[in-house]
Amino acid sequence: MHTFEVWAPVPESVRLHLDGTVHPMQRDQHGWWRAEVDASPGARYGFVVDEDETALPDPRSPRQPDGVHGLSQLHRLDPAVWTDSSWTGRQLPGSVVYELHIGTFTEAGTLDAAIEHLDELVELGVGFVELMPVNAFNGTHGWGYDGVLWYAVHEPYGGPDALQRFVDAAHARGLGVVLDVVYNHLGPSGNYLGRFGPYLTGGAGTWGETVNLDGPGSAEVRRYIIDNALRWFRDFHIDALRLDAVHALVDHTATHVLEDLSTETFRLSVHLGRPLTLIAESDLNDPRLITPRSAGGYGLHAQWDDDIHHAVHAAVSGERQGYYGDFGSLDCLARTLQHGFFHAGTYSSFRGRIHGRPLDVRRTPASSLLAYTCTHDQVGNRARGDRPGRYLDHGQLAVKAALVLASPYTPMLFMGEEWGAGTPFRYFTSHPEPELAAAVVEGRRREFAEHGWGVEDVPDPQDPETFRSSVLNRAERTEPEHARLLACYRDLLALRRARAELTDPWLENLQVDYDEEERWIVVHRGTIRVACNLGADPVTVPVGGVPLMWWDEPVVNRTRSAALIPGHSFAVFEGEIDHHER
């Protein structure tokens, strides 16, 4: 016998549709409907709500073989597949994260195909692989942030069994796995949750109706979220979750849902005997997210830090549009590297208000912030989806890499950046509904028109070529200039692993010198100095020591108290600190 159950306090009746036969269900006082029925492994089922004869998928469906509008399937992972019984996990501090999108990481666009390239990531020197969302969404391809069945794995990627194989293969290579999850909204197609219960508030958020975290019936909605997170950790052996846009989680209860999630994640971590990590994406610059619960925070382990990206990118590229408006100077770059947040109770011209709160660098390790030169957002949310390699030379890309990989923060790479991939990463969708498809295209073009982009500059998200053009071209890796940049990334990551100064997480031990006019900046990490020339012309930088590595070889003077750094280049020096030179 199998117990089928669904939380559905809204309808008057719920029936179980199992392999073509309809069975009655009984409701308890809390709105849960249950039925015990003989069911074979792999049986197809759904729930018939009230008088509608169409069976709806299970909100907690473990598998959707026919897509998000089809019947659910009973499914259990095969325990015999796991070979990672000796895996004790990996902590985030000291590691490097590599973000990828399964659909465009390989030509095949599947989890099994991605396994074939895990050895490349080990050779590169990363410690975690971060998957953009893999929960079930409508259509064949998309970014994954419009998922509607959070417990199921997108079938075109290979379904739940393929995710199991991917995680097991990653662990066999010493790689941890981060999974991107979305709890702040649901996609527009295949979302039947409102037919079952008060999952949504009816209020409008950035990406649709907001999730009910604090209204009537919210206790079960919160449980739905937390149980989903624990399922990834427990059943799929996932090591960390990246929580999408937590600033869009509207929760006015005394205990925020993130704090509840932190509490239960810690409890499961203790039981499993391995670290389980929660990483937030937030644009609030609010240290409470990563402040321990004992000190009044939410107790998350880390958060993305867009300020570091903006400070590095604007300084190197010269771009000043949109949210880059307050960034670009070397003073801004130095302050951000030294304090984690640039906007920390300061005026943000892009927002038109005071933004952020200072980070206590004496108590919060820099490893709690993720730093990056690009992400799926920072590339894909450009009108053309063009990567930095399309408008910066490889020396500039190397400078950006040096600033991030030699920083005290937890570095994150976006797939292909390590060789300066020339392929774009565009915003793509495959909505089968014509009205929805047209609305997405129009909305995308209207959004960028407000920032001065013409219609012709914005690729049609629904055009299959927009998706195909975003698939990585791995043949680039062996081309001389791309291969040189790849070698530079490998060397920087190897140096980071070899030298404790470069993984030291305390910002108090970081010092920065710079010259705004001559466009050079030196980051001091103990006896290691990273000297970067952001300008196009060679410049003499007052930095001493022995060169360890470089993009273009510096010319060191005889006293070794200064070096001529070529334009758009960096060099790493080692030597005892000479306080007279500082």
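The values are calculated or read from the model by the stated rules, or taken from the named source; none is laboratory data. Everything numeric here is computed off the predicted structure, so don't read it as measured data. Methodologically, a virtual Cβ is constructed for each residue, glycine included, from the backbone with ideal geometry; neighbour enumeration extends over all protein chains shown.
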> Counting only residues that are in contact with a Phe, Trp or Tyr (Cβ under 7 Å, 6 or more places away or on another chain) and at pLDDT 95 or above, which one in region 535-546 is farthest from A562 (Cα to Cα)?
Replying inline: V539
> Can you tell me which residues in region 507-534 are farther than 17 Å from R335 by Cβ and either assigned to a loop (DSSP other than H, G, I, E, B) or out of contact with any strand residue (DSSP E or B) (no Cβ under 9 Å at 6 or more places or on another chain) (or both)?
Replying inline: E517, E518, G526, T527
> Taking the stated definitions as given, is G67 under 33 Å from the mean Cα position of the chain (by Cα), modelled with pLDDT of 95 or more and under 19 Å from A8 (Cβ atoms)?
Replying inline: no
> What residue, among those in region 310-320 that are under 22 Å from the mean Cα position of the chain (by Cα) and over 18 Å from R351 (Cα atoms), is surrounded by the fewest Cβ atoms within 10 Å (Cβ to Cβ)?
Replying inline: H313
> With respect to the numbered conditions (1) outside any loop (DSSP other than H, G, I, E, B); (2) under 18 Å from R165 (Cα atoms), which one is the sole condition not fulfilled by T104?
Replying inline: (2)
>> Cβ contacts < 6 Å: first residue touching a residue at least 24 places away in the same chain (Cβ under 8 Å), restricted to region 46-61; second residue of a type in the set (D, E), any location; separation 6+ or different chain. Result?
In response: D50/E12
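Take region 302-342 and flag every residue that is part of a loop (DSSP other than H, G, I, E, B) and over 18 Å from T291 (Cβ atoms). Break it down into steps so the answer makes sense when it comes.
First, pick out the residues of region 302-342 that are part of a loop (DSSP other than H, G, I, E, B): 305, 318-321, 325-329, 340-342.
Residues satisfying the conditions are G318, E319, R320, Q321, G325, D326, F327, G328, S329, F342.
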> Could you list, in sequence order, the residues of region 357-376 that are closer than 19 Å to A245 by Cα and surrounded by fewer than 19 Cβ atoms within 10 Å (Cβ to Cβ)?
Replying inline: R357
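Give Y298, Y323 a once-over and let me know the one that is among the aromatic types (F, W, Y), buried (at least 23 other Cβ atoms within 10 Å of the Cβ), at negative phi and within 24 Å of the chain's Cα centre (by Cα). I'd like the intermediate steps shown before the answer.
Working: Y323 fails: buried (at least 23 other Cβ atoms within 10 Å of the Cβ).
None of the other options fit; the residue is Y298.
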> How many residues does region 9-26 hold that are more than 11 Å from V48 (Cα to Cα), in contact (Cβ under 8 Å) with a residue 12 or more places away in the chain and not acidic (D, E)?
Replying inline: 2
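Here is a check on your reading of the model: is V10 assigned to a loop (DSSP other than H, G, I, E, B), within 24 Å of the chain's Cα centre (by Cα) and over 30 Å from L493 (Cα atoms)? Full working, then the answer.
Values: assigned to a loop (DSSP other than H, G, I, E, B): yes; within 24 Å of the chain's Cα centre (by Cα): no; over 30 Å from L493 (Cα atoms): yes.
Taking the combined requirement at face value, the residue does not satisfy it.
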> What residue, among those in region 342-356 that are touching a Lys or Arg at 6+ places or on another chain (Cβ under 8 Å) and in contact (Cβ under 8 Å) with a residue 24 or more places away in the chain, is surrounded by the fewest Cβ atoms within 10 Å (Cβ to Cβ)?
Replying inline: A344
